[in-house]
Structure formats: C-alpha cells, structure tokens
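What follows is a set of notes on a single structure, which appears directly below.
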Amino acid sequence: MNVFRALSDLEANDHVHLGRLLILISVFAGDDGIGTIEGLTKLAKLDFLLRYPTYLERALRQRGKPTVRVEVAEHERLSVESSMVRFRYGPWDFRYRRFINLLVAKGLAEVNIKGRTIEVGLTPTGVEVADRLSNDERFSDIARRARLLKTHFDYEGTYLMKLIYQMFPEITTLRLGEEIRP
C-alpha cells in the first residue's frame, strides 16, 4: 500500500476523528465530565488547532507561550496531513455535524441547544471511552495537545474564531478548496 492511499484511508476513517473529538470534548468537560463545549464554532476552531499541531505551535508562539509541549514530530511537519483545505467557513470540516451525530447515536455524546448555541458534552459512557483513549499511547499526543488548548485557548467561539483569523490571515484569503500550508 502506498503512503497516499494510507493517508487517504486514515482521513476517511471516522473512528480516528471521533476519537480525537471525544478526547477534545472530554478535556473541556473537566474532571467531573459534566462540562460542554459551547458552540460548533468553538469546537471546530479548537479541533483545527488539535488536528494540525503546526498551527497550534504557531498560535502558542504568537501568544508568547511555550511550544515545547506541542511536540510536533518531523513527520507531522512534512506530511500531507500537515496542510489542510479551506472550507466554506475557513478551517471548518463539513463533517462536524455528522461526527457529532455519530457520537450521539453511539451513546457517547449529548447535545443541548441554548438559544442558537449547540452545546456538546459527553455521556458517562463517553467519559469512560475518552479516558481510555486519553491513556492509550496512540492518542497521547492528542490528549496532551487538547490539555494545552484548554489551558491557552478556552475562549468563546466567536473570540476564538477572530483570534485564529488574526493569527492565520492566509486562511481567509484562499479560495474554497485551496490548500492551507502551515
């Protein structure tokens, strides 16, 4: 199997994305597991930084924060996955609603609507699965980086969106479908 096929298969694997989102939501839910991520914009922007660690590293550097805990591996800097595609609303994967619906259908997450804001939290089963994933060596980078996000980027969705567009103006100037390079 060639590398491009392997990366394509990995990108198409919903379980990888669901696991990453479970860990992200779990970290933001807090130790008791009852918190939520308020808004799909916040979820998408946090996941952008989690999914693309070179951008997380740049964001921390621009904010004058240490970057050593990001621990970006060389393959992450050079891989096809280190770049992303500009979607309709900047770094927003059109599959988020589907991913959230899958988490809810599997009994791992729950969604509440407050006004126009969608809050995403975990069920007790979701907390257990997220804990297992966080302690799995294969997800250790994701868990560590999610904690960095909680420490340094726990803002309201709109503020986080503006901050990301300020830090990465190239995201807003590309055409739809164009590759964003770190």
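Things worth noting here:
- Pairs with Cβ under 9 Å, 6+ apart, first in the range 102-126 and on the phi > 0 side of the Ramachandran plot, second surrounded by 14 or more Cβ atoms within 10 Å (Cβ to Cβ) and among the hydroxyl-bearing types (Ser, Thr, Tyr): 107/123
- Selection within the range 30-51 - in contact with a helix residue (DSSP H, G or I) (Cβ under 7 Å, 6 or more places away or on another chain) and more than 17 Å from residue 97 (Cβ to Cβ): 33, 35, 49, 50
- Residue check for residue 138: outside any strand (DSSP E or B), at pLDDT below 95 and not aliphatic (A, V, I, L, M): yes
- Considering 145, 138, the condition of being within 14 Å of the chain's Cα centre (by Cα) and closer than 27 Å to residue 76 by Cβ is satisfied by 145 alone.
- All helices (runs of 4 or more DSSP H) inside the range 18-82 with 3 or more residues being free of Cβ contacts under 8 Å to residues at least 12 places away in the same chain: 74-78
- Residues satisfying the stated conditions in the range 122-169, i.e. within 15 Å of residue 50 (Cβ to Cβ) and of a type in the set (Val, Ile, Thr): 142, 151, 164
- Selection count, the range 94-135, where residues are part of a helix (DSSP H, G or I) and surrounded by 14 or more Cβ atoms within 10 Å (Cβ to Cβ): 14
- Reported count of residues in the range 140-163, each being in contact with a helix residue (DSSP H, G or I) (Cβ under 6 Å, 6 or more places away or on another chain) and under 18 Å from residue 20 (Cβ atoms), is 9.
Yes or no, residue by residue, for (1) over 21 Å from residue 113 (Cβ atoms); (2) at pLDDT 95 or above; (3) of a type in the set (S, T, N, Q):
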site	(1), (2), (3)
24	no, yes, no
32	yes, no, no
40	no, no, no
56	yes, no, no
59	yes, no, no
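The values are calculated or read from the model by the stated rules, or taken from the named source; none is laboratory data. Predicted, not measured: the structure shown is a model, and the values here were computed from it. Positions of Cβ are backbone-derived with ideal geometry, glycine not excepted, and every protein chain shown enters the neighbour counts.
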